[in-house]
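The values are calculated or read from the model by the stated rules, or taken from the named source; none is laboratory data. Given the structure is predicted, the values throughout are model-derived calculations rather than measurements. Reconstructed Cβ throughout: ideal geometry from the backbone, glycine too, with neighbour counts over all protein chains shown.
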Amino acid sequence: MRLSIAPLTAPVRTGFRELWSHKLRSALTMLGIIFGVAAVIAMVSIGEGARQETLEQIRLLGIDVLQVRRVTLAGDLQQEADKGSPYGLNYGDALALAKLCDFAKRVVPSCRVFAEVNAGGKTLEARVFGTAPGHVHTTHLGVAYGRFTDDEDVKRRAHVCVLGAQVKRDAFAFEDPVGKFVKIGASNFRVIGVMRERVLQTAETTFELRDLNRDIYIPITVAMEDFQIYVEKAIPMNPEAIMGIVSQLFQRPALNLRPISEVAVEVNDPDKTVPAAQVVKQILDRRHNHIPDFEIVIPLQLLQQRQQTQNIFNIVMGAIAGISLVVGGIGIMNIMLATVTQRAREIGIRRCIGATRGDIVRQFLLECLVITTIGGLVGVGGGIGGARAISYYAQWKTVVSGSAVVLSLAVSFSVGLIFGLYPAIRAALIDPMEALRSE
């Protein structure tokens, strides 16, 4: 027994002939589906691109790393800080966290050095940071060649430095800088390594990520000892006050009281970063007499906040795309109802020569599905082109996934099925004799 596919292909061929004989009407009918499907593809592509970009930024920050940063106070809070926590976030805080936090894999303090950098007879655009050896792990950025500073460099306060990739290019071009010298402030530092390059997106990022390629790293003890000047509070400018300032310059606080810019705490379990941050806050609150001169940045919470914002964006964009598809579906239903009226005589003839109501329903339903399927395919092309245009002109990352294409085609097919069903049933219910009498 041979299975014939003619009962299926014949209505489809008839549907294509009907579309071709009324080209303008068919094109106008498809517009709603085309724009709706294109909107779905573009929306999903933008959302997926934003999601991947967020995950990449979180990876760069380190989802298992807490950032404790110094906060500058003003007004009454600054006066309270002068009494309760005069040095703000300090080196002793990092030592205390390393001792008390058993969940911490690494505790890495860093402090910014404000000094001019010169190499090869020119001034370089670079930032200098004093940091500890674990910095390469908390930033997830390794050394390209040479080495990073080690515990021995920190202990003996060695004048060595590690260059970011862009600093190396600006200072030494294609030469190997290891063993050469860079002048930071008034001191010469021997280059012992170069960091791997980190590529950042040119689009606006979700989080504040500095360009690590322009950083220079030196031992943190050298940064605190050679580049920090301490004057605890403003003093009226009179001869006695000036002598007091001079004397304070030679009365530096102990090393554990020296101020630093931030502390990176790498936890053993990334899923426990939030409770770990609470413990860190409790320790620092006690050490700082509850002065809010520090903040804790939790990348996992930043990711959750971004995802909530992204979900709202997706809902809004989905609603817009859904409205376009509904409008397109209503347009298709209106056109199909008008087509039923125009083709009443054809329907009557087909019924009289043996076509059943089911045959009429299938005929008009398949014609509607042909319209929406072609419109869906054109919309897919428009959506992919729109996503690429958005990526090119707006500098947004967009990712067109196969699931987005399948989803949009499934939605267009469903629109054709839902909005074409009523006109098809309406056509099947036409009385053959009344249809034959119509002009």
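Matching residues to (1) crowded, with 20+ Cβ neighbours inside 10 Å; (2) within 43 Å of the chain's Cα centre (by Cα); (3) under 17 Å from Leu28 (Cβ atoms):
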residue: Val327; (1), (2), (3): no, yes, yes
residue: Cys352; (1), (2), (3): no, no, no
residue: Phe364; (1), (2), (3): yes, no, no
residue: Val370; (1), (2), (3): yes, yes, yes
residue: Ala389; (1), (2), (3): no, yes, no
residue: Leu407; (1), (2), (3): no, yes, no
residue: Ser414; (1), (2), (3): no, yes, no
residue: Phe419; (1), (2), (3): yes, yes, yes
residue: Ala427; (1), (2), (3): yes, no, no
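Can Ile374 be described as touching a residue at least 40 places away in the same chain (Cβ under 8 Å) and either of a type outside the set (Phe, Trp, Tyr) or in the same structural domain as Gln52 (by TED's automatic domain parsing) (or both)?
It is true that Ile374 is touching a residue at least 40 places away in the same chain (Cβ under 8 Å) and either of a type outside the set (Phe, Trp, Tyr) or in the same structural domain as Gln52 (by TED's automatic domain parsing) (or both).
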Next on the checklist: Looking at Asp151, Asp170, Asp211, can you tell me which residue is within 30 Å of Gln307 (Cα to Cα) and charged (D, E, K, R)?
Outcome noted: Asp211
Checklist entry - Quick check, is Phe419 assigned to a helix (DSSP H, G or I), assigned by TED's automatic domain parsing to the domain that holds Gly49, more than 15 Å from Val37 (Cβ to Cβ) and of a type in the set (Phe, Trp, Tyr)? => result no
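Does Thr72 qualify as being at pLDDT below 70, on the phi < 0 side of the Ramachandran plot and surrounded by fewer than 14 Cβ atoms within 10 Å (Cβ to Cβ)?
No: the conditions fail for Thr72.
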Checklist entry - How many residues, within region 374-410, are modelled with pLDDT of 85 or more, hydroxyl-bearing (Ser, Thr, Tyr) and within 22 Å of Leu421 (Cα to Cα)? => result 0
Item to check | Residue under evaluation His290, criteria (1) out of contact with any Gly (no Cβ under 6 Å at 6 or more places or on another chain); (2) assigned to a helix (DSSP H, G or I); (3) more than 19 Å from Leu421 (Cα to Cα), criterion not met | outcome: (2)
Checklist entry - Restricting the search to region 329-343, which residues are surrounded by 15 or more Cβ atoms within 10 Å (Cβ to Cβ) and out of contact with any helix residue (DSSP H, G or I) (no Cβ under 6 Å at 6 or more places or on another chain)? => result Thr339, Arg343
Next on the checklist: For region 263-285, check the following and say yes or no: at least one residue is among the aliphatic types (A, V, I, L, M), touching a helix residue (DSSP H, G or I) at 6+ places or on another chain (Cβ under 6 Å), under 30 Å from Ala42 (Cβ atoms) and crowded, with 18+ Cβ neighbours inside 10 Å.
Outcome noted: no
Checklist entry - Quick one: is Ile312 assigned to a helix (DSSP H, G or I), under 43 Å from the mean Cα position of the chain (by Cα), at negative phi and crowded, with 19+ Cβ neighbours inside 10 Å? => result no
Item to check | Residue ranges of strands (runs of 3 or more DSSP E) in region 133-198 with at least 2 members within 35 Å of the chain's Cα centre (by Cα) and surrounded by fewer than 19 Cβ atoms within 10 Å (Cβ to Cβ) | outcome: 143-146
Item to check | Condition check for Met336: in a helix (DSSP H, G or I), in contact with a Phe, Trp or Tyr (Cβ under 7 Å, 6 or more places away or on another chain) and touching a residue at least 12 places away in the same chain (Cβ under 8 Å) | outcome: yes
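Of the residues Thr398, Thr372, which single one is outside any helix (DSSP H, G or I) and among the hydroxyl-bearing types (Ser, Thr, Tyr)?
Sole residue among the options that is outside any helix (DSSP H, G or I) and among the hydroxyl-bearing types (Ser, Thr, Tyr): Thr398.
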Next on the checklist: Condition first: touching a Lys or Arg at 6+ places or on another chain (Cβ under 6 Å) and within 26 Å of Pro259 (Cβ to Cβ). Now tell me which residues in region 142-166 satisfy that.
Outcome noted: Val160, Gly164
Checklist outcome for this item: Apart from one, (1) outside the structural domain of Leu417 (by TED's automatic domain parsing); (2) modelled with pLDDT under 85 all hold for Leu284; the odd one out is (2)
